[in-house]
Each structure stands twice: as C-alpha cells, then as structure tokens.
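I have placed the structure first, in the form of structure tokens, so that the comments after it can refer back to it.
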Amino acid sequence: MSEVQKKKFVLSRLSLSRLEGVHPDLVKVVKRAIEITLQDFLVVEGIRTEEQCYINYGKGRTWEQCTAKGVPAKYAQPKLAKVTWLTNPLSSKHVTGKAVDLVPYPVDWNDLSKFNQVAQAMFAAAKELGVSIRWGADWDNDGKYREKGEYDSPHFEI
C-alpha cells in the first residue's frame, strides 16, 4: 500500500436494507466488496417488485408492446429511453434476489471508471469467496466492457 492510507468504506443502513431478500452468496460478495473497494458505492436495488418490472418494461414501449407481454397499458412510456431489453418483463434476476444494482458514491452516472472500480472489487470479492458473478457491462465475460449492448454498469448477478 502507498503512503496514502486506503479509505475504508461501509454499507449504509439504506444499502443494507436494499440487500434484504437477496441471495446470501451475493450479499456476502457485496459486503466483502465494500471492505476492499477503492471506490465507495451504494446499493440502489436488490429485490425488484412486479410493479417495478412493469415500470421498467414500459419505458420506451407503446401500450401495444406492453399489453402483448402482459404488462398493463398504464405503464407504457414510449417517449422515454428503454431501460430493459428482457423479452419477459418478469424474468429479471432481481425478482428472485439473484441480482443487485450498485452505483459509485457520490453518484456520477457518466464516470464509467468509477463503475469499473466497483466491478473490480466485486470480482475480487467473488473470487475470494468462491462465488461466480456476472456483470452487466460485460455480459459475455470476455473482458471487453460495454460492447455489443453491454451497458448495464450497475448490474451484478449470480
């Protein structure tokens, strides 16, 4: 370690509450990652409700597209950007507690290097704990970030 001491981070009460119901292996990885990270982060989502799945699916889709997938028409928001590419609105691993969304703190959605630092800590923690994870900025695990639609930098799943 350099002369500058590494800052220790801890999960806030809010982040810990957002881990409730998440798979225990993934919770262990997140808790270990915050201990070893060089970039503070927070948990923005763990378990996702059916309604939140509908809200997400409706973004960027018409009422016809929504109802065709069983999503009530009231969730259609065709003028917004899509936030999910799932063909089944309820198939997100967030629904089963096998995914979390983490963002660097303080939040800066445009500084991808901070998301990369969070990912480095997550992968180091997962390796240490023997848990296999996948990152939304590298779905195919080829080490090339944000290619071919791999833009979900906050997302980690088991």
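Length gain on complete extension for the stretch Ser17 to Val44, per 0.36 nm per residue less the alpha carbon to alpha carbon distance? Kindly include the intermediate steps, with their values, before the conclusion.
Values: separation 27, 0.36 × 27 = 9.72 nm, distance 1.01 nm.
Here the answer is 8.7 nm.
In a simple Cβ point-charge model (Lys, Arg +1; Asp, Glu -1; nothing else charged), the chain has a dipole of about 240 debye relative to its Cα centre.
The length gained by stretching the chain between Asn141 and Val95 to full extension, at 0.36 nm per residue less their Cα-Cα distance, is 14.3 nm. For Glu45, the residues whose amide H sits under 5 Å from its own are Asp101, ignoring neighbours fewer than 5 places away on the same chain, with H placed 1.01 Å from N. Between Glu35 and Asp111, the modelled label-to-label distance comes to 2.6 nm, taking each label 7 Å out from Cα in the direction of the beta carbon.
How large is the Kirkwood hydrodynamic radius of the chain, in angstrom, based on all distinct alpha carbon pairs?
Working: mean 1/r = 0.0605 Å⁻¹.
The Cα-based Kirkwood calculation yields 16.5 Å.
Taking the average, over residues, of other Cβ atoms within 10 Å as the packing measure, peptides 139-151, 102-114 rank 102-114, 139-151 from highest down.
Think of the chain as having a plus end and a minus end, set by charges on the Cβ of Lys, Arg, Asp and Glu; of Gly58, Val10, Pro104, Gly58 sits farthest toward the positive end of this dipole.
Readers should treat all values here as calculations from the given coordinates under stated rules, not as data from a laboratory. All of these numbers come straight from a predicted model, not from anything done at the bench. All Cβ positions, glycine included, derive from the backbone under ideal geometry; neighbour counts span all protein chains shown.
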